[in-house]
Amino acid sequence: MAILVNNKTKAIVQGITGTQGSFHTKLMLEYGTKIVAGVTPGKGGQEVHGVPVYDTVKEALSEHDANASIIFVPAPFAKDAVLEGINAGLELIVVITEHIPIKDTIQMVEVAKRNNVNIVGPNTPGVITPGECKLGIMPGHIFKRGPIGIISRSGTLTYEIASNLTKAGFGQSTCLGIGGDPIIGINFVEALEMFANDHETKAVVLIGEIGGDAEEKAAEYIRKEFNKPVTAFIAGKTAPPGKRMGHAGAIISGRTGTAQSKVKALKDAGVHVVDRPREISEKLKEILS
Amino acid sequence: MAILVNNKTKAIVQGITGTQGSFHTKLMLEYGTKIVAGVTPGKGGQEVHGVPVYDTVKEALSEHDANASIIFVPAPFAKDAVLEGINAGLELIVVITEHIPIKDTIQMVEVAKRNNVNIVGPNTPGVITPGECKLGIMPGHIFKRGPIGIISRSGTLTYEIASNLTKAGFGQSTCLGIGGDPIIGINFVEALEMFANDHETKAVVLIGEIGGDAEEKAAEYIRKEFNKPVTAFIAGKTAPPGKRMGHAGAIISGRTGTAQSKVKALKDAGVHVVDRPREISEKLKEILS
Amino acid sequence: MRLYEYQAKNIFREYQIPVPEGQIAETPEKAVEIAKSMSRPVAVKAQVLVGGRGKAGGIRFANIPEKVAEIASQLLGSKIKGVEVRKVLVEEKLEIERELYLGITVDRSARKYVAIASSRGGVDIEEVAEEHPEEIIKHYIDPLLGFHSFEAREMVKKMGLRGRDLILAADILNKLWKIVEDYDAELVEINPLVKTRDGKIIAADARLIIDDNALFRHSEFKEVLKSEKRELNERELKASERGLAYVELEGDIGIIGNGAGLVMATLDMVSLYGGKPANFLDVGGGADPERMEAALEIVLSNPRVKVVFINILGGITRCDWMAKGIIEAREKIKTRVPLVVRMVGTLEEEGKKILEEAGIDVLDSMEEAAKRAVEISKQLAGS
Amino acid sequence: MRLYEYQAKNIFREYQIPVPEGQIAETPEKAVEIAKSMSRPVAVKAQVLVGGRGKAGGIRFANIPEKVAEIASQLLGSKIKGVEVRKVLVEEKLEIERELYLGITVDRSARKYVAIASSRGGVDIEEVAEEHPEEIIKHYIDPLLGFHSFEAREMVKKMGLRGRDLILAADILNKLWKIVEDYDAELVEINPLVKTRDGKIIAADARLIIDDNALFRHSEFKEVLKSEKRELNERELKASERGLAYVELEGDIGIIGNGAGLVMATLDMVSLYGGKPANFLDVGGGADPERMEAALEIVLSNPRVKVVFINILGGITRCDWMAKGIIEAREKIKTRVPLVVRMVGTLEEEGKKILEEAGIDVLDSMEEAAKRAVEISKQLAGS
């Protein structure tokens, strides 16, 4: 099972001829991901690591069967790339691009919703179902297949925790970076819903951070409807209010969005919130034994 | 039967406190139309010919039961008024206002379509089902109830023909001015579809004019699907190409949209096209006897 | 409101759509000066708002400034399809490798804007549409989502462009949509869009029509409107000032009516009975006596007019007011031009009475009235 | 990017949103001059980008110009909530009848813009939301249809406004949406929107935050950005030039890591073990040696820093490059500040080798490394 991506996922890479696009296409291919085509306007006819490049998504899909896309195009053109993917009939679009204007994201996420298209990101490391499909930029070797679902707003912090889990013997069903921006496609609640329906997933690790109320909403959902055990770590406990901490999302304003508020909401919902990343695998040992 | 409006129609007047809105509210009330409320932002609490005025459509509908609206607001604010009507859940909106920018009309017509709302106009004299409901600015006394459906792009030319018909003993089921603008809500084909399903209507009179291809499209529909007799008059046979003749719609460009093209298309579809307005009743005598 | 090529190109420049280097001249001297400053072969293009300007000799080329003087002298003040040339655009002559077409306009049936592209540019696009429909690429623009870059690329790709050409042409098509949105354009068109021998993509021509109804939100066109009015004749100017829809035609029967459809039908009836309308004039709905007075004054100031046919169908419009306007105008102008009036509807009796007291006959049927007007015009022409 | 009140009000003026008459002053003399030219009671308002300015004494009133001089002298150069006041806005003092609230911002959960109105203006809107939720009127804006005038009117109507007030306030709310759209605003807010005793509706205050990610399409803010940079300290300026996310804090343990979440977690670990971070610094994904070198230079140039904790998780980021950057920076700066490095992931062995050859210990666990850094900082503080 797993969620979102598996060995049936066939993906195109939008922005494949750029530095990032080309580099990660190679890594994804090496991981075993089925990358069937690439798209870069004006570069149609080229090849990147053996993958044929087209000028438009429609053209790529007329030659190849694909249901997903991963987007590396620069921020000013990212919305257009997402809309092109939606318009061409893709089911899943992973938006790696960071620094997309919020107005653009609001629009592309809305159009995706109206067309029942799943958006991961923007500003995400992507999604990986170990051993089957990596649609993202995460280092593949730190993941191992197993019963733990990971949902995270962060990049490297996720690798930290996933790597700890793998070393501790806890493999992952799917690890999903939902993205660090204030507006994103799939959010915590929606990802939890997917894991709720995934028989392979026995427990979920939730990696949150300051800013917004996504963790509070997740806590509410967990309290009401989610029956699998959840362990969580929240980053940014010591961040001062009103300062941006890298991510567009990681800002606290006023009394909302603090780590304290999130930790409390999650604990109240029965989530095991830990203070140190490495404690997650310890907690899982308790839970799953 | 009849189409669009009848004695169950309960309407609000948007722009009721303006000169035109107030004047025609009086005439519609005198005709027997059920005008239950008026709306003019900032004028809530007033009364116009005994009709209570509200600041917003929602407010009017919270106090009164209504399913239709007639709009007299000035062109710059007309799109907003239509969207307000759609948003409040009305089923039919008659847009009397002329000179609405085409961009605005395209948007409001699209939103109406997505919400299954019927728009009549813009730049229309409105719609009348004689003896039951007049939602428009046409002189009520020239109409009489009977078996003829009228669909027209024009105002006074419609009165001319309706008046002829009434004098000749041919009453009307419904007389619909679809509006003189290039982009309109209900068009000839859609109006014909409504008359096709209206048992009361035995024959249809179609009053067209130069510009666009609405009459050609109507001809195509009539040829394929419409089984009631149709008589037509097309205005603008002698209009020189490339000149605007009053209506935003009445312009011929190049070889498309000429009266000749429309007459030919309609005749080919079996429509009785007459040269003089008064010949319509003569033709109807032949057909319906 | 149609813009001149040079005005449209100025707007293109704002949007960084490449246009040929060039300037506008109202005199041959200025034209030569421009050509000299460019020091290369130029095109001299008559600025008129009619189609088919090229075939009518309105676009000519010159390799040396002396030739520019000659062409500009010939074009300026001449008439192209009946329209006087007051300005010429002096532009660099493009080395053409390929001619394409890009445009956005309104599709009435679809009730949407439609973007159109074709690899057959430089010719009448309607001819291409008839003879090579497969060469016309159309895209209906979603009224709520707008037009997206990827859609522009898909269209341009279908035109057969690749590589850099694809990017450049799609970018231009995109910008045309921005112009439509920003300026409430009814039509924006580049025909031809030229690929030059040195690989540039340039808008060789530019057509732009702004929605008249949207001018209230485009104060930037006030000056253009003024200059447009300078090109109207006295009567057209007066009608425009009074907000009357007036179009001058070639005949001798003046026409006034209320409602565009009715007035068009009135013209048709007059023609049907063998007469020739001198104009189209719509006083509009709910006109007052002053409006009718102004309308009659305008129509009567046309020296060709031998008889005036006034066709009033009183709905919102009051027949008595129209009658008053007619009487007042006649007294003011002291005209001997006969009037044929047809008047029915709201306050018909009152109106008829006013006219009959002033010795003007009123008919009930527009067909009869048209016949009468034509008869009078023929009698007067014969006398 | 947050704009100052006076900058936001200049944008409001473009959109014809009524704002108090007033001008900006950088000296008491200029402030007096402005007050004199207005010849009426004025408000002198410190221009700082912090909330609660009023309660902190940043807004003061004066009936005579002499008083303006006194207030301006006190405010200019003073600190409000730790931020230096460099400019004051001298404005006409409004005769307040009623204070309202209007704003538009982004709702993350709804994934939409949300318009907010309240009849309780002039106070902290979050307090109102908690204590009088019924007084908060919210409208989620359709991402494709946008915000319409009628929706603004419905909101303003719910605030209890009628007649002319309703029209004026709805018009202002509408214009706030235009500002959001045109300027890519994340937040635009008027608190309070004042109804004056003579019946005007005026934006007494103005808050405007522009989406940093959208600045590429708003060259109009280049100057504002420059002036904003003038307010950064030397280290913040350098980080901003190098595109490094750097936030200075009060502690003595310098922190460098890759990825915002990881760096935040690093700060948290340091705090958990009783240490105090001196900064947040994210070198970002896929950084090269130069980037790490610049990061280390910035952190070490903070005199408070006693030890630096570098936490690298190699994914796209190469550990060997990070190690090279560390070595090069250390050689360049010739620092004696101890470094604690935690490094795992891509090319981990190569990176570790480089560092160990240079005598730098590398740890595998971020928890252990944090503990070590805290221990060192405490030893040094004790010494």
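The values are calculated or read from the model by the stated rules, or taken from the named source; none is laboratory data. Fair warning: this is a prediction, and the values are worked out from it, not measured in the lab. Every residue, glycine as well, gets a Cβ built from its backbone with ideal geometry; the counts of neighbours run over all protein chains shown.
Filter the strands (runs of 3 or more DSSP E) completely within region D:165-252 down to those with at least 1 residues that are within 30 Å of residue D:307 (Cα to Cα) and of a type in the set (Gly, Ala, Ser). Steps first, answer last, please.
Details: elements: D:185-196, D:201-203, D:207-210, D:245-248.
Hits in region D:165-252: D:245-248.
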| said: Just checking, does region B:187-202 include any residue being at pLDDT below 95, of a type in the set (Asp, Glu) and assigned by TED's automatic domain parsing to the domain that holds residue B:261? | reply: no
| request: For residues that are in contact with a Ser or Thr (Cβ under 6 Å, 6 or more places away or on another chain), surrounded by 17 or more Cβ atoms within 10 Å (Cβ to Cβ) and more than 9 Å from chain B (Cβ to nearest Cβ), tally how many sit in region D:140-166. | output: 1
| request: For region C:92-129, enumerate the residues that are in a loop (DSSP other than H, G, I, E, B), within 30 Å of residue C:41 (Cα to Cα) and hydrophobic (A, V, I, L, M, F, W, C). | output: C:94, C:123
| request: Please determine, by comparing only the residues of region C:360-377 that are assigned to a helix (DSSP H, G or I) and β-branched (Val, Ile, Thr), which one is nearest to the other protein chains (Cβ to nearest Cβ). | output: C:374
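Taking residue A:68 as the residue in question, decide whether it is touching a strand residue (DSSP E or B) at 6+ places or on another chain (Cβ under 9 Å), crowded, with 22+ Cβ neighbours inside 10 Å, away from every other protein chain (no Cβ under 13 Å) and touching a residue at least 40 places away in the same chain (Cβ under 8 Å).
Working: touching a strand residue (DSSP E or B) at 6+ places or on another chain (Cβ under 9 Å): yes; crowded, with 22+ Cβ neighbours inside 10 Å: yes; away from every other protein chain (no Cβ under 13 Å): yes; touching a residue at least 40 places away in the same chain (Cβ under 8 Å): yes.
The answer is yes for residue A:68.
Hey, could you check region D:219-232 for residues that are within 14 Å of chain A (Cβ to nearest Cβ) and out of contact with any strand residue (DSSP E or B) (no Cβ under 7 Å at 6 or more places or on another chain) and say which is farthest from residue D:295 (Cα to Cα)?
Kept after step one, since they are within 14 Å of chain A (Cβ to nearest Cβ), are these residues of region D:219-232: D:219, D:221, D:228, D:232.
Adding the requirement that they be out of contact with any strand residue (DSSP E or B) (no Cβ under 7 Å at 6 or more places or on another chain) leaves D:219, D:228, D:232.
Values: D:219: 28, D:228: 21, D:232: 16 Å.
Restricting to residues being within 14 Å of chain A (Cβ to nearest Cβ) and out of contact with any strand residue (DSSP E or B) (no Cβ under 7 Å at 6 or more places or on another chain), the top hit is D:219.
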| Restricting attention to region B:193-207, and to residues there that are surrounded by fewer than 24 Cβ atoms within 10 Å (Cβ to Cβ) and aliphatic (A, V, I, L, M), which single residue is nearest to residue B:105 (Cα to Cα)? | B:194
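Select from region C:110-139 the residues that are closer than 20 Å to residue A:88 by Cα and either more than 27 Å from the chain's Cα centre (by Cα) or within 14 Å of chain A (Cβ to nearest Cβ) (or both) and list them in ascending order. First the steps, then the outcome.
Here is the first cut: in region C:110-139, the ones closer than 20 Å to residue A:88 by Cα are C:114-115, C:137-139.
Within region C:110-139, C:137, C:139 qualify.
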| said: Of the residues C:318, C:330, C:336, C:342, only one is more than 21 Å from residue B:163 (Cα to Cα) and surrounded by 17 or more Cβ atoms within 10 Å (Cβ to Cβ); which? | reply: C:330
| Can you pull out the residues in region B:61-72 that are more than 20 Å from residue B:116 (Cβ to Cβ) and either assigned to a loop (DSSP other than H, G, I, E, B) or polar (S, T, N, Q) (or both)? | B:62, B:64, B:72
| message | Consider region C:81-104. How many of its residues are farther than 19 Å from residue C:18 by Cβ, buried (at least 18 other Cβ atoms within 10 Å of the Cβ) and not charged (D, E, K, R)? | response | 2
| query | When you go through (1) within 12 Å of chain B (Cβ to nearest Cβ); (2) in a helix (DSSP H, G or I); (3) more than 25 Å from residue C:235 (Cα to Cα) one by one for residue C:344, which number turns out not to apply? | reply | (2)
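Wholly within region A:137-232, which strands (runs of 3 or more DSSP E) include no fewer than the required count, namely at least 2 residues that are among the β-branched types (Val, Ile, Thr)? Steps first, answer last, please.
Numbers: elements: A:145-152, A:172-177, A:203-209.
Here the list reads A:145-152, A:203-209.
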| message | Quick test of your reading of the structure: residue A:129 fulfils all but one of (1) within 20 Å of residue A:228 (Cα to Cα); (2) touching a Gly at 6+ places or on another chain (Cβ under 6 Å); (3) crowded, with 24+ Cβ neighbours inside 10 Å. Name the failing condition by number. | response | (2)
| message | Going residue by residue through region B:73-92, is there one that turns out to be away from every other protein chain (no Cβ under 11 Å), in contact with a strand residue (DSSP E or B) (Cβ under 7 Å, 6 or more places away or on another chain), crowded, with 24+ Cβ neighbours inside 10 Å and not in a loop (DSSP other than H, G, I, E, B)? | response | no
| Does residue D:78 fit the bill of being out of contact with any strand residue (DSSP E or B) (no Cβ under 7 Å at 6 or more places or on another chain), of a type in the set (S, T, N, Q) and not assigned by TED's automatic domain parsing to the domain that holds residue D:143? | yes
| message | Looking only at residues that are among the hydrophobic types (A, V, I, L, M, F, W, C) and outside any helix (DSSP H, G or I) in region A:20-60, which one is nearest to residue A:82 (Cα to Cα)? | response | A:39
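Starting from residues that are of a type outside the set (A, V, I, L, M, F, W, C) and within 13 Å of chain B (Cβ to nearest Cβ), keep the ones in region D:167-194 and report whichever is farthest from the chain's Cα centre (by Cα). Give the steps one after another, and end with the answer.
Of the residues in region D:167-194, the ones of a type outside the set (A, V, I, L, M, F, W, C) are D:171, D:174-175, D:178, D:181-184, D:186, D:189, D:191-192.
Now narrow it down to the ones that are within 13 Å of chain B (Cβ to nearest Cβ): D:171, D:174.
Details: D:171: 29, D:174: 26 Å.
So the residue we want is D:171.
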| task | Kindly indicate whether residue D:243 is assigned by TED's automatic domain parsing to the domain that holds residue D:298 and either among the hydroxyl-bearing types (Ser, Thr, Tyr) or on the phi > 0 side of the Ramachandran plot (or both). | result | yes
| task | Tell me, yes or no, whether region A:187-198 has at least one residue that is over 30 Å from residue D:112 (Cβ atoms) and more than 10 Å from chain D (Cβ to nearest Cβ). | result | no
| request: Tally the residues that are among the basic types (Lys, Arg) and assigned to a helix (DSSP H, G or I), restricting the search to region D:51-67. | output: 1
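Taking region D:1-58, which residues are of a type in the set (A, V, I, L, M), crowded, with 20+ Cβ neighbours inside 10 Å and free of Cβ contacts under 8 Å to residues at least 60 places away in the same chain?
Initial filter on region D:1-58 (of a type in the set (A, V, I, L, M)): D:1, D:3, D:8, D:11, D:17, D:19, D:24-25, D:31-32, D:34-35, D:38, D:42-44, D:46, D:48-50, D:56.
Imposing the further condition that a residue be crowded, with 20+ Cβ neighbours inside 10 Å reduces the set to D:3, D:8, D:11, D:17, D:19, D:24-25, D:31-32, D:34-35, D:42-44, D:46, D:48.
The answer is D:31, D:32, D:34, D:35, D:42, D:43, D:44, D:46, D:48.
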| said: So in region D:1-50, with the set limited to residues that are of a type in the set (Gly, Ala, Ser) and assigned to a strand (DSSP E or B), which one is farthest from residue D:172 (Cα to Cα)? | reply: D:25
| request: Could you list all residues from region C:279-305 that are within 12 Å of chain B (Cβ to nearest Cβ), in a loop (DSSP other than H, G, I, E, B) and either touching a strand residue (DSSP E or B) at 6+ places or on another chain (Cβ under 8 Å) or free of Cβ contacts under 8 Å to residues at least 12 places away in the same chain (or both)? | output: C:283, C:284
| query | Of the conditions (1) β-branched (Val, Ile, Thr); (2) surrounded by fewer than 22 Cβ atoms within 10 Å (Cβ to Cβ); (3) part of a helix (DSSP H, G or I), residue D:266 fails just one. Which one is it? | reply | (2)
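When only residues in region B:125-137 that are of a type outside the set (Val, Ile, Thr) and out of contact with any helix residue (DSSP H, G or I) (no Cβ under 6 Å at 6 or more places or on another chain) count, which is nearest to the other protein chains (Cβ to nearest Cβ)? So that I can check it myself, show each step before the final result.
To start, the set of residues in region B:125-137 that are of a type outside the set (Val, Ile, Thr) comprises B:125-126, B:130-136.
Next cut, out of contact with any helix residue (DSSP H, G or I) (no Cβ under 6 Å at 6 or more places or on another chain) only: B:125-126, B:130-133, B:135-136.
On the way: B:125: 8, B:126: 11, B:130: 15, B:131: 18, B:132: 19, B:133: 18, B:135: 15, B:136: 10 Å.
Result: B:125.
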